[in-house]
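The values are calculated or read from the model by the stated rules, or taken from the named source; none is laboratory data. All values reported here derive from a predicted model rather than from experimental measurement. Every residue, glycine as well, gets a Cβ built from its backbone with ideal geometry; the counts of neighbours run over all protein chains shown. Quick note on the areas: whole protein, heavy atoms, side chains included, nothing else; ligands and nucleic acids left out. Shrake-Rupley method; radii C 1.70, N 1.55, O 1.52, S 1.80 Å.
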Amino acid sequence: MTSVRPTSRYPLPRLASIAGLVCAVAACQGHTVSTHPALTNAWREPSAYTYTLRSTGGERALTGSFRVSVRAGKVVRAAGLDAESRAAVRRSPTLVPTIGTLLRELERARREGADRADAQYASAGYPRRITVDWSADAVDDEVQYEISDYTPGAAGPAGN
């Protein structure tokens, strides 16, 4: 005997079910377009730019808020914007990174299997927030970088 499976003449309920399933699967992925670099436009670090960096988390020398100027792919000026960051710049003026250096740190964490290594990107493609936690079970190994006031092409004066 041949069995016949009834089908609806109206495809809308079936399409709605498929759309719901796709959304549910996407939500379970844990990444959105803003957090997964493979899904964003490839941002190319310009040779000159300025940005504000807020670095928090962990027991590290690079904590606080900094105004950073980059020229020819190198930090040419880093100004501490609070007591903690001014002390960090005095101790080690070369400690403040370019955005490219922060992205390389993120990629290294991903390659080496950090428990958390993600970023959120601005619509212009540069990272707005980078978070790395090497071990969820460890204390003080996590780091978060927040990037704001990004201006390409404006490196400012050289020197510290």
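For beta carbons closer than 6 Å, sequence separation of 6+ or different chains, a first residue in segment 90-101 that is farther than 10 Å from G73 by Cα and a second that is outside any loop (DSSP other than H, G, I, E, B) and at pLDDT 95 or above, the qualifying pairs are V96/F66; V96/V68; V96/V75; V96/A78. Remark: pairs (first residue in segment 111-123, within 24 Å of R44 (Cβ to Cβ); second residue β-branched (V, I, T); Cβ separation under 7 Å; 6+ apart in sequence or on different chains) = A117/V132; D118/T35; D118/T131; A119/T35; A119/I130; Q120/T35; Y121/T40.
Restricted to segment 41-66, and to residues there that are under 17 Å from V143 (Cβ atoms) and not in a strand (DSSP E or B), the residue that is nearest to the chain's Cα centre (by Cα) is G57. State which residue is farthest from the chain's Cα centre (by Cα) when the search covers only segment 121-134 and only residues that are open to solvent by 20 Å² or more (accessible area, probe 1.4 Å) and hydroxyl-bearing (S, T, Y). Per the stated criteria, the residue is S123. Scanning segment 95-120 for residues that are under 17 Å from Y49 (Cα atoms) and either in a strand (DSSP E or B) or polar (S, T, N, Q) (or both), we see that the one that is most open to solvent (accessible area, probe 1.4 Å) is T101.
For segment 68-89, a residue qualifies if it is touching a Leu at 6+ places or on another chain (Cβ under 9 Å), in contact (Cβ under 8 Å) with a residue 40 or more places away in the chain and part of a strand (DSSP E or B), and exactly one does: A78.
Screening segment 135-151 for residues that are at pLDDT below 95 and either of a type outside the set (S, T, N, Q) or in contact with a Pro (Cβ under 6 Å, 6 or more places away or on another chain) (or both) and picking the one that is most open to solvent (accessible area, probe 1.4 Å) gives D137. Do we have R77 as open to solvent by 70 Å² or more (accessible area, probe 1.4 Å) and closer than 15 Å to E142 by Cα here? It is false that R77 is open to solvent by 70 Å² or more (accessible area, probe 1.4 Å) and closer than 15 Å to E142 by Cα.
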